[in-house]
Every structure is written in C-alpha cells, then in structure tokens.
Amino acid sequence: MTTAGSQAYGEPWYWDNRYSNEPNPFDWYQKYPTLAPIINLYVPRSLHILVVGSGNSAFSEGMVDDGYTDVVNIDISSVVIEAMQNKYSDRPHMKYIKMDVRDMSPFESGSFGAIIDKGTLDSILCGNNSRQHAIKMLEEVWRVLGDKGVYILVTYGDPLYRLPLLRDSCSWTIKLHVIDKLASEDEPDNPVWELTKPVPLNDDGSSVDEALGQNPDVHYIYICTKEIK
C-alpha cells in the first residue's frame with residue numbers, strides 16, 4: 001500500500017518542498033564507502049557516469065574522491081540542483097542538471113558508460129501509474145547507455161518484483177548482488193552474502209531465497225548490462 005506522501009514521490013513539488021525543509025545531506029540506502037567495492041568492480045574510473053535522482057547525497061563526491069573523473073548528476077528538483085551546483089562549484093568533475101529521469105532527451109543516445117540509481121526507481125514505483133512511469137524511466141536509461149554499459153540499481157525490491165519489471169522494459173543481462181541494510185565501512189563480521197560475489201539468479205528469482213533465506217535484511221543491487229544483439 002502506498003501512502004499519500006509516497007504517492008507524490010514522482011512529483012517535482014514534493015522534492016522541492018522536502019529539500020527546502022531538509023537541506024542537510026542524505027544518502028538513500030547506502031553511502032559510497034559501503035558500495036565502493038561493487039562500483040569499482042563494474043565501473044571503470046574512465047567512464048562517463050550518470051547518477052539519477054542524485055538529491056543532496058554525497059555519493060558523487062565519494063566517487064570523485066575515489067578517482068572517478070566524469071560524474072553527471074540529475075534530479076527532478078530545481079531546489080536541490082541549485083544547492084548542489086553552489087556547493088560543488090569548485091569541483092569540475094561533478095555536474096548537476098535538473099532533469100526528469102523519464103525524459104532525458106537533452107542527452108544523446110549512448111551517452112554514458114554507467115548509470116547509478118539509489119532509490120529513484122523505487123520512488124517512481126510509489127506513485128500513481130507507477131509501472132507505466134517506471135517502464136518509461138527504464139527505457140530512457142537503456143537509451144542513454146552505450147553498448148555494454150551498466151545500470152546499477154540499488155533497491156529494496158526483491159527479485160520477485162524487480163526482475164519482471166526489468167525484463168519487461170528492455171533486454172538487460174542481469175546479475176544480482178546484495179548488501180546488508182546496515183552495512184558499515186568496516187567489513188561486517190557475518191554479512192548475509194559476500195558483496196562482490198553474485199547471488200545465483202534463475203528465471204523467476206526463486207534461487208535467491210534458496211541462497212539467502214526468506215526475507216533477508218538486505219538491499220538488492222541489480223547489475224543490468226546493455227548488450228545490443
């Protein structure tokens with residue numbers, strides 16, 4: 001069930017109000033240091049990278065500090081984009097552009113080598129006509145990715161719900177990783193699953209329950225590769 005608040009997640013006014021009232025940096029799901037091993041595994045530092053729904057997260061700053069040299073951030077909120085442009089005006093490796101991920105027409109097809117999404121697809125799925133908007137977003141992500149480019153989706157959505165959506169949208173080649181929801185920069189003593197080791201993934205996703213058990217306390221990381229047949 002969606003709440004009245006969550007149904008507005010796809011609307012610019014909701015995020016403008018939120019970022020006006022809550023200007024402090026906030027990272028959805030995971031911060032860069034905890035995800036760095038998986039980003040480093042799939043995203044060479046030389047790539048042209050897009051972060052969608054970037055908000056006021058410090059994730060891109062973490063990437064640039066880690067050696068990535070070309071990170072473009074988009075968000076639907078003009079309030080947060082203006083704030084981040086001012087904050088990082090002296091960091092030329094990071095660009096901030098107001099844009100709706102469902103219509104990225106200013107970007108040419110095949111523009112990016114990697115796209116990173118922490119919670120943007122999830123937000124769109126909270127709203128009205130959610131599946132229609134989610135498919136539109138995923139088709140745009142596919143369009144602006146180059147051949148062999150990767151879309152890294154960090155989400156609370158387990159394979160039962162996310163795999164059909166991803167497969168219905170585009171012809172992705174998909175790998176799955178997971179990370180403990182409360183992961184820290186220090187190596188956890190007993191992670192549910194090793195971060196850089198793909199989880200076995202069959203057609204319906206049932207293999208994930210067999211590997212991790214029922215209702216694991218994890219975020220799912222889908223590595224979706226665009227391969228033009």
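Please treat every number below as a calculation from the coordinates, not as lab data. Just so it is clear, the structure is predicted and the values come from calculations on it, not from any experiment. Cβ sites come from the backbone with ideal geometry, for glycine too, and all protein chains shown count toward neighbours.
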Point to revise | Solvent-free Debye scattering, log10 I(q)/I(0), computed from the Cα coordinates of the stretch 1-129 at q = 0.11, 0.14 Å⁻¹ | key: -0.37, -0.61
Check your understanding: Please state the relative contact order of the stretch 177-229 as a whole percent: Cα pairs under 8 Å, 6+ residues apart?
Key -> 46 percent
Study note, to complete from the structure: Site K181, offset 7 angstrom along Cα→Cβ, radius 19 Å on amide nitrogen, limited to the stretch 107-123, gives 118-123
Check your understanding: What lysines sit close enough to K229 to cross-link, taking a C-alpha to C-alpha distance under 19 Å and skipping anything fewer than 8 places away on the same chain?
Key -> K148, K175
Review point. In a shell of Cβ-Cβ distance under 14 Å around E227, excluding E227 itself, what net charge do Lys and Arg (+1) and Asp and Glu (-1) give?
Key: +4
Check your understanding: Residue separation times 0.36 nm, minus the C-alpha to C-alpha distance between K148 and N202: what's the value?
Key -> 17.3 nm
Practice item. Mind checking the full-extension length gain between Q132 and N190? Use 0.36 nm per residue of separation minus the Cα-Cα distance, one decimal, nm. Key: 17.0 nm
Revision key, fill the gap. For L176, the net charge from surrounding residues (Cβ-Cβ under 11 Å; K, R +1; D, E -1) works out to +2
Exercise for review: Compute the Rg/Rh shape ratio of the chain: radius of gyration over Kirkwood radius, all on alpha-carbon atoms.
Suggested key: 0.94
Review point. What is the extension gain from H48 to N24, computed as 0.36 nm multiplied by their sequence separation minus the C-alpha to C-alpha distance, in nm to one decimal?
Key: 5.9 nm
